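Peer 1: Dumping the structure here so I can ask a few things about it.
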Amino acid sequence: MSVTVVLGSQWGDEGKGKLVDILSAEFDVCARCAGGNNAGHTIVVPIGPEKKKTTFAFHLLPSGLINPECTGIIGSGVVVHVPSFFVELDELQKQGLDCTGRLFISDRAHLVFDFHQIVDGLKEVELGGKSIGTTKKGIGPAYSAKASRSGLRVHHLFDHNTFAEKFRKIVEGRFKRYGHFEYDTEGEIVRYKALAERLRPYVVDSVVYLHKALAENKRVLVEGANALMLDLDFGTYPFVTSSSTTIGGVCTGLGIPPKKIGKTIGVMKAYTTRVGGGPFPTEQLNDVGTHFQEVGREFGTTTGRRRRCGWLDLVVMKHSMLINGYDSINLTKLDILDDLAEVKVATKYLVDGKEILGFPADLDVLGKVEVSYVTLPGWRTSIEKATTFDELPENCKKYIYFIESFLGVPVEWIGVGPARESMVKKEIKN
Ligand code: GDP
Ligand code: IMO
Ligand code: MG
C-alpha cells in the first residue's frame, strides 16, 4: 500500500487540517512527521446525533483522529511538548472524541521542555527588530538541541535517573548561555516522572508500527505541518521554522522510503497569508489585505495573531511545486474572493526589469524584486453553496484553469467554506 501526503504549499494555514479530515474517512492511519505544537489546524465538523457544528483545533495531534476509525501517529521527526500533548488530548476527550488505543508516539521523537519555550522567547528578544515572530512553543531551541546532539528523546523518559542527570546538565547549559531565568529544574524532573508513566501506553517504535501497517495494506495518510516556505532549507531563511516541512521531511520524519509515497497533495490558499516576520512580496497593506483578513478571518489558530495577507503568488507556488512535486492541488478559501471585482495573481519576479528564475535565496535580492501580476476578472457571486465544479461561476472556473495551466498541476479539491461539506471535488486524470 502506498502513502498519501498532504503538504502546506505556502507559508502555512492553507487549510491542511480540513482536507486531512475529509480524506481520513478513507484512511486507517494518519501520521504527523514534522513540527510540533506550533501548528494549528482548524476543523469544523458536525458531531453527535444532532450534528452540532463543532470546531476542533489540532496542534500536535494528527487531525485524522476526528475519524473514529483512524489511528494517529506522531512520528520521530516531530518535537513533542508532553504537557501540551495531554492538554490537547484532554480537550478532544471533552469535545467527545475518544482516542483511547488509537494514538501513538515515536520513541525517537525529541522532547520540548518549558525551558525551550522560555529560551525561544529570550532568543526573540535578543533579535530585537529582526525577530522571527515565532510561536514561542520552543520549536527552534528543541530542534537546535537535536541537531547539536544534546536533545532528549521520548525513550529517555523511561530511565528516570539518567533522564534527571541529563536534564540538569542541559538546563545548566541554558542558564550559562541565557542567564539564570526562573525555572524549577527539580520540580520539572518530578513532574516528568509522572508524565512518563502517563505517556508510556502511547509510545511505540513508529518505524515498526508504520511498516507493519503498510505490510497489512493499511491506508496511511501523512499530515504536513507548517509549510514549504517555512522549511528550514527552502523557505525564506531565517524567517522559517526549524524543521523539514517538505516531502523530504516525510521520509526523514517517519522513516519511510520515497518509493512508498504514492500521492502528494499541495494545499494552496486562493490568496497568500503569513504569520510573523519575514519577506512577503505580494503582501497588500491596503483594502485588499484588510478584505482577506476580515472576510477570511485570518487570525492564527495557535497564537491568535492577525495574519499578514496578499495576492496569490505563483512564483512561490512554482518553487513549492518543484520541491514537493504535487500530484494535485487543494485550492482553499476560494469563497473569500467572491466579492472582488478583480483578482490578481503574481506570475513573475523582476530585478532591474529582468525576470529572475526561481525563488531568490538572498533576502536582499527578494527585497528588491518587482512583482508582475496578471489580473483576472472577479465573479461577484457567492460560491459557498456550490457542490460541483460545474456550479461554479465562469470567471471562478477561469481563475482555477489559469492556476492549473501556469503550474501544470490539476486542482482536485476546491474549498468554498470552512465546514467539512464545503469542498468541491473536481475530477482529474490520475
Ligand atoms: P492549516 O494550518 O493549514 O490546517 O490551516 P488553519 O486551520 O490554520 O487555517 C485555515 C482556516 O481557514 C481555518 O479556520 C479553516 O476552518 C478555514 N478554512 C479552510 N478551508 C476553507 C475554505 O475553503 N473557505 C473558508 N472560508 N474557510 C476555510
Ligand atoms: P500550520 O501547520 C503559520 C511560523 C511562525 C513564525 C515561524 C517560526 O498551522 O500551517 P516557530 O514557532 O515554528 O519557530 O516559528 O514559522 N509558523 C507558522 N505559520 N502556520 C503554521 O503552521 C506555522 N508554524 C510555524 O509564525 O513566523
Ligand atoms: Mg494553521
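The values are calculated or read from the model by the stated rules, or taken from the named source; none is laboratory data. The shown structure was predicted, so the numbers you read here are calculated from the model rather than taken from an experiment. Glycine gets a Cβ as well: all are built from the backbone with ideal geometry, and neighbour counts include every protein chain shown. To get the accessible areas, we keep the full protein, side chains included, count just its heavy atoms, and leave off ligands, DNA and RNA. Shrake-Rupley method; radii C 1.70, N 1.55, O 1.52, S 1.80 Å.
Peer 1: May I ask you to order 416-423, 78-85 by the average number of other C-beta atoms within 10 Å around their residues, highest value first? Present the calculation step by step, with values, prior to reporting the outcome.
Peer 2: Values: 416-423: 18.1, 78-85: 22.4.
Most protected by this proxy first, the peptides run 78-85, 416-423.
Peer 1: Between LEU152 and residues 5 or more places away or on another chain, which pairs have amide H atoms under 5 Å apart, with H built 1.01 Å from N, and which residues are they?
Peer 2: HN-HN under 5 Å from LEU152: LEU111.
Peer 1: For ASN217, project a label point 7 Å along Cα to C-beta. Then give me every residue of the stretch 2-40 with its amide nitrogen under 13 Å of that point.
Peer 2: Residues 2 fall inside that zone.
Peer 1: Please work out how much accessible surface TYR271 shows to a 1.4 Å probe, ignoring ligands, DNA and RNA, in Å² rounded to 10.
Peer 2: Accessible area, nearest 10 Å²: 0 Å².
Peer 1: Pull up the cross-link candidates among the lysines for LYS166, meaning alpha carbon to alpha carbon under 21 Å and not fewer than 8 places away within one chain.
Peer 2: Within the straight-line limit of under 21 Å, LYS166 reaches these lysines: LYS146, LYS176, LYS193.
Peer 1: So which chymotrypsin sites (Phe, Trp or Tyr not before Pro) in the stretch 181-236 end up in coil per DSSP with only 16 or fewer other C-beta atoms within 10 Å? Let's see the in-between values first.
Peer 2: Working: sites: PHE181, TYR183, TYR192, TYR202, TYR209, PHE234; in loops: PHE181, TYR183, PHE234.
Answer by residue number: PHE181, TYR183.
Peer 1: How do 32-38, 404-410, 334-340 rank on mean C-beta neighbours within 10 Å, highest first? Before the final figure, lay out the partial values.
Peer 2: Values: 32-38: 29.1, 404-410: 15.0, 334-340: 20.3.
My ranking of the peptides, most packed first, is 32-38, 334-340, 404-410.
Peer 1: Residues with amide H under 5 Å of GLY36's amide H, sequence separation 5 or more or different chain, H placed in the peptide plane at 1.01 Å from N; which?
Peer 2: Amide H to amide H, under 5 Å and 5 or more residues apart or across chains, GLY36 pairs with VAL79.
Peer 1: Another question, then. Over the chain, calculate the relative contact order: mean separation of alpha carbon pairs under 8 Å at least 6 apart, over the residue count, as a percent.
Peer 2: Numbers: 905 pairs, mean separation 85.1, N = 430.
Relative contact order for the chain comes out at 20 percent.
Peer 1: Next question. Ranking request for peptides 221-233, 112-124: highest mean number of other beta-carbon atoms within 10 Å first, then the rest in descending order.
Peer 2: Details: 221-233: 27.2, 112-124: 20.3.
Peptide ranking by packing, descending: 221-233, 112-124.
Peer 1: Got a sec? What order do LYS218, LYS52 fall in by accessible area at 1.4 Å, biggest, i.e. largest, first? Present the calculation step by step, with values, prior to reporting the outcome.
Peer 2: Numbers: LYS218 75, LYS52 135 Å².
My answer, sorted largest first, is LYS52, LYS218.
Peer 1: Using the Cα gyration tensor of the stretch 46-163, with a ≥ b ≥ c the square roots of its eigenvalues, what is the shape: rounded (a/c below 1.5), prolate (a/b larger than b/c) or oblate (neither)? Numbers along the way, then the final one.
Peer 2: Details: a/c = 2.81, a/b = 1.52, b/c = 1.85.
Taking the square roots of the gyration eigenvalues as a ≥ b ≥ c, the stretch 46-163 is oblate.
Peer 1: Relative to the longest principal axis of the chain, what angle (0 to 90°, nearest 10) does the C-alpha long axis of helix 82-94 take?
Peer 2: 60
Peer 1: Can you pull the percent of the stretch 1-100's accessible area that's carbon plus sulfur, 1.4 Å probe, other chains left in place?
Peer 2: Numbers: 1650 of 3090 Å².
It is 53 percent, rounded to a whole number.
Peer 1: Also, I was wondering about something else. Quick one: compute the contact order of the stretch 311-430, relative version, from alpha carbon pairs under 8 angstrom and 6+ residues apart, as a percent. Show your work: numbers first, answer last.
Peer 2: Working: 193 pairs, mean separation 39.1, N = 120.
In percent, rounded to a whole number, it is 33.
Peer 1: A follow-up question, please. Per residue of the chain, what 222 nm ellipticity follows from adding -39500 (n - 2.57) for every DSSP H run with n ≥ 4, rounded to the nearest 500? List each step's numbers first, then the result.
Peer 2: Values: 12 runs with 136 residues, N = 430.
Rounded to the nearest 500, it is -9500 deg cm²/dmol.
Peer 1: Relative contact order, percent, of the stretch 1-147 when contacts are C-alpha pairs under 8 Å separated by at least 6 residues?
Peer 2: 20
Peer 1: Give me the dipole magnitude in Debye, nearest 20, for the stretch 161-202 about the Cα centre, with unit charges on the beta carbon: positive for Lys and Arg, negative for Asp and Glu. List each step's numbers first, then the result.
Peer 2: Numbers: 10 positive and 7 negative charges, 43 e Å.
It works out to roughly 200 debye.
Peer 1: Say the cut-off is 24 Å between C-alpha atoms; which of LYS318/LYS344; LYS212/LYS259; LYS94/LYS136; LYS53/LYS425; LYS318/LYS354; LYS18/LYS368 go over it?
Peer 2: Details: LYS318/LYS344 16 Å; LYS212/LYS259 16 Å; LYS94/LYS136 26 Å; LYS53/LYS425 22 Å; LYS318/LYS354 18 Å; LYS18/LYS368 36 Å.
Beyond 24 Å between Cα atoms: LYS94/LYS136; LYS18/LYS368.
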